[in-house]
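What follows draws every value from the coordinates through simple rules; no lab data is involved. This structure is a prediction, so every number in the text was calculated from the model and none was measured. Ideal geometry is used to build each Cβ from the backbone, glycine not excepted, and the neighbour counts take in all protein chains shown.
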Amino acid sequence: MLGIDVGGSGIKGAPVDLEAGEMAVPRRKVLTPQPSTPEACAGAMATIIEQFADQIDGPIGVAVPAPVLHGVTPFMANLDQSWVGLDAAAYLSEKLGREVVLVNDADAAGVAEMQYGAGRGKQGTVVLTTLGTGVGTALFHDGRLVPNTEFGHIEINGRDAESRAASSYMEREHISYKKWAKHLQRYYSTLEKLLWPDLFIVGGGVSREYKRFLPLLNLQTPIVPASLRNGAGTIGAALAASLRVGANVPPGAQRIASVPD
């Protein structure tokens, strides 16, 4: 099953071994087009699909940085605003010539981590955050997904939370991990008071550097890096496609997430 993860800066994809919970071959990555219109992004996805055409069949899972309601993206923070209100699942299916199962990117990463990674077997309330161009979130209770949460957009000190908590802020402002961690402390403390979770999982590309910032946080809730790192979105997108069509579903996955239509 092919998974594609569409981000604000890059689009990544690979066939996924759903039994092992890993990419079957090294993933391919292309830069996200600018402007990142649906048409331009579909073209970038087609480039990735072409490279794996002889290795895949069936639907494609595509993770996007937006809530997904019945295939429609009603809100978009980190891609072109022409995505807003689009039946993106139908549009991409037509453009790519394959059925596309569309899912929120953080939900995809969360489902992968709950099935294969840092959240495996965890009960209670688990919150996964992806720190990148923006901040994505996925919420689980007793192992089941509550889809389309957007806790990256809660207001903190009069600002959208992701405006300071995203790793792109650290890179853009050229600040240290220590200074950035102060913004993360404020963000995770706010989430903690709102949700009182049993576990935070931190994903996104910056999670590979978790030793440089997670130890600086002082929280009541345990906080750990994502096991699948930045590959979780790609793996989770493929898993979402598998769940939707009921093919090659690994044991336990249906319990974790009934992917919304």
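With respect to being surrounded by fewer than 18 Cβ atoms within 10 Å (Cβ to Cβ) and either touching a residue at least 24 places away in the same chain (Cβ under 8 Å) or of a type outside the set (A, V, I, L, M, F, W, C) (or both), residue 59 falls outside the description. Inside the range 152-163, can you point out the residues that are in contact with a strand residue (DSSP E or B) (Cβ under 6 Å, 6 or more places away or on another chain) and more than 22 Å from residue 208 (Cα to Cα)? Across the range 152-163, the qualifying residue is only 153. Among the residues making up the range 97-116, those that are assigned to a helix (DSSP H, G or I) and closer than 19 Å to residue 245 by Cβ are 107, 108, 111, 112, 115. Whether any residue in the range 182-189 is in a helix (DSSP H, G or I), without any contact (Cβ under 8 Å) to a residue 12 or more places away in the chain and touching a strand residue (DSSP E or B) at 6+ places or on another chain (Cβ under 9 Å) is what I want to check. No, every residue in the range 182-189 fails to be in a helix (DSSP H, G or I), without any contact (Cβ under 8 Å) to a residue 12 or more places away in the chain and touching a strand residue (DSSP E or B) at 6+ places or on another chain (Cβ under 9 Å). Of the residues in the range 220-229, none is touching a residue at least 40 places away in the same chain (Cβ under 8 Å) and basic (Lys, Arg).
Across the range 229-238, not a single residue is classified as crowded, with 23+ Cβ neighbours inside 10 Å, part of a strand (DSSP E or B) and touching an Asp or Glu at 6+ places or on another chain (Cβ under 7 Å). Checking each residue in the range 116-141 for being touching a strand residue (DSSP E or B) at 6+ places or on another chain (Cβ under 8 Å) and on the phi > 0 side of the Ramachandran plot picks out only 124.
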